[in-house]
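The values are calculated or read from the model by the stated rules, or taken from the named source; none is laboratory data. Every value quoted in this text rests on a predicted model; they were computed, and no experiment measured them. Glycine also receives a Cβ, built like all others from the backbone with ideal geometry; neighbour counts cover every protein chain displayed. Surface areas here come from the heavy atoms of the whole protein model, side chains and all, with no ligands, DNA or RNA. Shrake-Rupley method; radii C 1.70, N 1.55, O 1.52, S 1.80 Å.
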Amino acid sequence: MSVALMWEARAVDGRGEELLAWVRERERELPERPLRGEILRAPQDRVLVITWWNAAYDAELPELPEPDGELVTRTVHRWRFESVGGL
């Protein structure tokens, strides 16, 4: 079964590059490697990380932590999706 985890945060104004660097460093520190992953950035200093895992939907999977409150404008948003088939 394939599970996608999504992690999204918005940086404090002007700190988008710093948040992106923080995410890249934390991604390298994950105890396990996902099947694949992607880091996306939006113009509004938003960073989205999507990782795909070969695991059961309710499996314990490594996730990125919460960044320092001075780096982001609000609590990180997290989503978990279970694959239901391809297009």
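Couple of notes before you dig in:
- Residue in the stretch 1-34 that is most open to solvent (accessible area, probe 1.4 Å), counting only those that are in a loop (DSSP other than H, G, I, E, B) and more than 29 Å from Glu82 (Cβ to Cβ): Asp13
- For Arg80, the conditions (1) open to solvent by 80 Å² or more (accessible area, probe 1.4 Å); (2) in contact (Cβ under 8 Å) with a residue 12 or more places away in the chain; (3) among the charged types (D, E, K, R) are fulfilled apart from (1).
- The set of residues in the stretch 35-58 being in a loop (DSSP other than H, G, I, E, B) and surrounded by 11 or more Cβ atoms within 10 Å (Cβ to Cβ) consists of Leu35, Asp45, Ala55, Ala56, Tyr57.
- Checking the stated criteria, Gly69 turns out not to satisfy the condition of being on the phi > 0 side of the Ramachandran plot, out of contact with any Ser or Thr (no Cβ under 8 Å at 6 or more places or on another chain) and either open to solvent by less than 50 Å² (accessible area, probe 1.4 Å) or not aliphatic (A, V, I, L, M) (or both).
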